[in-house]
1. Nearest 500 deg cm²/dmol is fine: what mean residue ellipticity at 222 nm does the chain get from its DSSP H runs of n ≥ 4 alone, each adding -39,500 (n - 2.57), divided by its residue count?
2. What size of dipole, in debye to the nearest 20, comes out for the chain about its Cα centre when the only charges are +1 on Lys and Arg C-beta atoms and -1 on Asp and Glu C-beta atoms?
3. Pop the C-beta distance of Ile145 and Thr45 into the FRET formula with R0 = 25 Å and round what comes out to the nearest 0.05.
4. Give me the percent of accessible area attributable to carbon and sulfur for the chain, probe 1.4 angstrom.
5. For the stretch 27-111, build the convex hull from the C-alpha positions and give me its volume per residue in Å³.
6. Counting only protein chains, not ligands or nucleic acids, how are Lys66, Lys204 ordered by accessible area (probe 1.4 Å), most first?
7. May I ask for the equivalent-ellipsoid semi-axes of the stretch 159-253, computed as the square root of five times each C-alpha gyration tensor eigenvalue and listed largest first in whole Å?
8. Between Phe241 and Phe12, 0.36 nm times their residue separation minus their Cα-Cα distance comes to what?
Amino acid sequence: MLYLYDVWANWFEGEEHGYNVCYFHEWRKSDRIDLLDQVPLLYITDECFSFIENGMNDLPNDLLNKIHKRAYRRNGQERKEIAYACIVSNGKNSLAFDTIGYQIPVRKSRLIPRQEQLVYGMLKSTKQLDFKFEQKEKEAHNDIISLKQAYVVGLTRRERQLKQLLMMALDQLRTINNLEELRYWLTEWEPKKYPFIRYMDKDKVWNALYHDVKHGWSPRHEELCFQLIKGHPFLENMWEFEQTQKHNTSKLK
C-alpha cells in the first residue's frame, strides 16, 4: 500500500461533478484546509476515477475494505483515525476523498501541485487497480440544476457558482410554471422577441429560456440571475457570499 503524508485537503462536500471540486489555483483564503497526516494512495483506471470524481454513488466494497482505517488526520498533537479516506489517481489526474463514515465519497479535494507531482512519481512503481462498480442513472429532474460539463467549460469558480445559482432560480420558476411569469422572464432575456413570446405556450417559453441561458456566461446572465433571486432569502444569501469572494483567491504555496 502506498501512502502520502501531510496532505492538504480543501473539501468540497456533496459534489457530483468534478468541475465543482476546485483545483488549487481556485482555492480561496476563506476555504478551510484540512491537514491529513497519512492517506493511502490507489492507482485506478480512467473509468473508475471518473466514477468517483463525477458521482455520489456507493463505492465498491473491495475498495472500501482496502482503505479501511488506513488514513489519519492530525489535530494538534493528536492523530485521529479516519474510517474511509483515500487519494485516487489515474496517472493523469488526482483526487482525495473522505466518506465521513458512509459508502459514498461525500467530501472531495484536489491536491496541491507539489503533492500531485509526488503522486505521479509514486505511481510509476505500482500496479493499476480495476474496481467493479455500479453506475446509477440520474433523475431527469436534476438536469436543470446539474449541468453537464460542456456548459461550464472555461468558467471561473465564481462564474460556476453563480451559474448554478441561476439554474436553481430557473428550477423554482419551472416548478411554479406560471405562463405569464415565464413570458416575462423570457422577454427580459430576449426583449426583441416579445411579439412572438406573447403567443407561446408554457413549454415553448420554458424551452426557449432554459436552452438559451444554459450556454456560456456573460454580464446578461449575471443580471438575469440577480433579478430572478430577488425575494428568495436563501438564494440572495448565496449571491451575497459570491460577491464577497470576487478577489478572495488563495495565496497558499
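The values are calculated or read from the model by the stated rules, or taken from the named source; none is laboratory data. These figures come from a predicted structure and were not determined experimentally. Cβ sites come from the backbone with ideal geometry, for glycine too, and all protein chains shown count toward neighbours. Just the protein is used for accessible areas: all its heavy atoms, side chains included, with ligands, DNA and RNA removed. Shrake-Rupley method; radii C 1.70, N 1.55, O 1.52, S 1.80 Å.
1. Taking each H run of at least 4 residues, the total per residue is -11500 deg cm²/dmol.
2. With Lys and Arg at +1 and Asp and Glu at -1, about 780 debye.
3. 0.30
4. 50 percent
5. Taking the convex hull of the Cα positions in the stretch 27-111, it is 99 Å³ per residue.
6. Lys204, Lys66
7. 29, 14, 10
8. Value of the extension gain: 80.8 nm.
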